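Please read the structure below before turning to the comments.
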Amino acid sequence: MDPMTEAAAALLYAFAWIAARLPWPVLRALADVMAWLSRASNGREARVARRNLELVRPDLAPAAREALLREILRTTSRQAFETLRLWTRPPARNLADIAEVHGEALFDAALADGRGLIVAAPHMGNWELLNQWLAAKTPLAILYRPPESAVGEAFLRRVRANAGGQVEQVRAEAAGVRTLLKRLQRGGVVGILPDQQPRVGDGAFAPFFGREALTMTLLGRLAARSGARVLFAWCERLPGTGGPRFALHVAEAPDGIADPDPTRAVVALNAGVEAIARRDFAQYQWTYKRYKYRPPASGETNPYKPAP
């Protein structure tokens, strides 16, 4: 890695460390101000989340959608400050924020099974805390899509290396997929964010909150080829006015997620993610352009493009 890139990433880490040392009530207030500014200025996150709500919650009156948008933006901003704390504190301190664990026996049984395990971790609650819990339980590989900025990638590799345990960060590219498959075939553990939109040609369309969404086929292919088990896991934020507290959940994946037919597999995958997101709609990542690509021959256009 270029020394200048590493130096810039180290500087970013220093800023993150300093910001994360502010008391949580101060960070929460800053997050809420950021959320208000995003909505008031119609910033990118507000625009994307509002459009997603129009697409998936047409049942809501405009006022109700705006109220839900406010809650989504507050949650998203608070999650960003939570993550700064998670990235710059010792993992043992972070794991103390997990007040409840549901399904740990299911996870332990899958580890003992020895067939390999794929953990599907949707963008729900705080997935960075989930990574640290997984790292404390077992060595694992985490698939990630590198940001366009070399400094951003160096920063992410630095902070995620602070997760504790043995964590291998694997880029989402051909060589990385081979690495994951070999790990699973040896009985290892792999973590995948299942709701990241793949490149055109690397996925299939399946319903997600009633609309077709391009969905990764990679998870299903890995499960089918390796024979690994698939579990869903997420850290759901608990209500309260104090510091962030979480309930960690592990659950069985829907039937069909490892179907050799990629269309059936992505239908099952999206059904699993949607069921989790419906538990607390505002904790899901609605600031992501999930419906950017439209099915071929559908006549639909990118719904996030401004109207001419």
GNM top mover of Asp195, Asp32, Asp261 - the chain, alpha-carbon springs below 10 Å: Asp261
Using θ = phi - 60° and Karplus 6.51 cos²θ - 1.76 cosθ + 1.60, couplings along the stretch 53-65 (whole Hz; Gly, Pro as x): 5, 4, 6, 9, 10, x, 6, 7, 5, x, 5, 5, 5
Rounded D (µm²/s) - the stretch 34-87, Kirkwood Rh over Cα pairs, Stokes-Einstein at 37 °C, 0.692 mPa s: 283 µm²/s
Ratio of Rg to Rh over the stretch 1-65 (Cα coordinates, Kirkwood Rh, two decimals): 1.20
If the convex hull is drawn through the Cα atoms of the stretch 30-183, its volume per residue in Å³: 164 Å³
Computed Kirkwood radius, in angstrom, where 1/r is averaged over Cα pairs of the stretch 143-201: 12.8 Å
Cα-only radius of gyration and Dmax that characterise the chain, units Å: 19.3, 57
P(r) histogram, all alpha-carbon pairs of the stretch 120-245 included - 10 Å bins from 0, percent: 11, 39, 36, 12, 1
Phi-based couplings in Hz for the stretch 263-278 (Karplus 6.51, -1.76, 1.60; Gly and Pro marked x): 5, 5, 5, 6, 4, 5, 4, 5, 5, x, 5, 4, 4, 5, 4, 6
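Arrange the residues Val177, Val170 by how much accessible surface each exposes, largest first, with a 1.4 angstrom probe.
The ordering from most to least exposed comes out as Val177, Val170.
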Prolate/oblate/rounded label for the stretch 152-308 (Cα gyration tensor, a/c 1.5): rounded
In Hz, Karplus ³J(HN,Hα) per residue of the stretch 247-256 (6.51, -1.76, 1.60; θ = phi - 60°; x = Gly, Pro): 10, 9, 10, 10, 9, 5, 7, x, 4, x
The stretch 140-211 and the stretch 245-297: distance between their alpha carbon centers, rounded to Å: 16 Å
Listed residues Ala258, Ala99, Ala40, most fluctuating in the chain (Gaussian network, C-alpha, under 10 Å): Ala40
Per-residue [θ]222 nm for the chain (sum of -39500 (n - 2.57) over DSSP H runs n ≥ 4, rounded to 500): -15500 deg cm²/dmol
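What do you get for Rg/Rh over the stretch 50-126 if you use C-alpha atoms and the Kirkwood form of Rh?
Answer for the stretch 50-126: 1.12.
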Convex hull volume per residue in cubic angstrom - Cα atoms of the stretch 235-308: 125 Å³
Centroid-to-centroid separation of the stretch 1-59 and the stretch 121-135 [C-alpha atoms, Å]: 18 Å
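With the contact rule set at Cα under 8 Å and sequence spacing of 6 or more, what percent relative contact order holds for the stretch 211-302?
Rounded, it is 30 percent for the stretch 211-302.
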As computed over the stretch 93-168, the Cα convex hull volume per residue (Å³): 109 Å³
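The values are calculated or read from the model by the stated rules, or taken from the named source; none is laboratory data. Computed from a predicted structure; not experimentally measured. Side chains included, ligands, DNA and RNA excluded: accessible areas come from the protein's heavy atoms. Shrake-Rupley method; radii C 1.70, N 1.55, O 1.52, S 1.80 Å.
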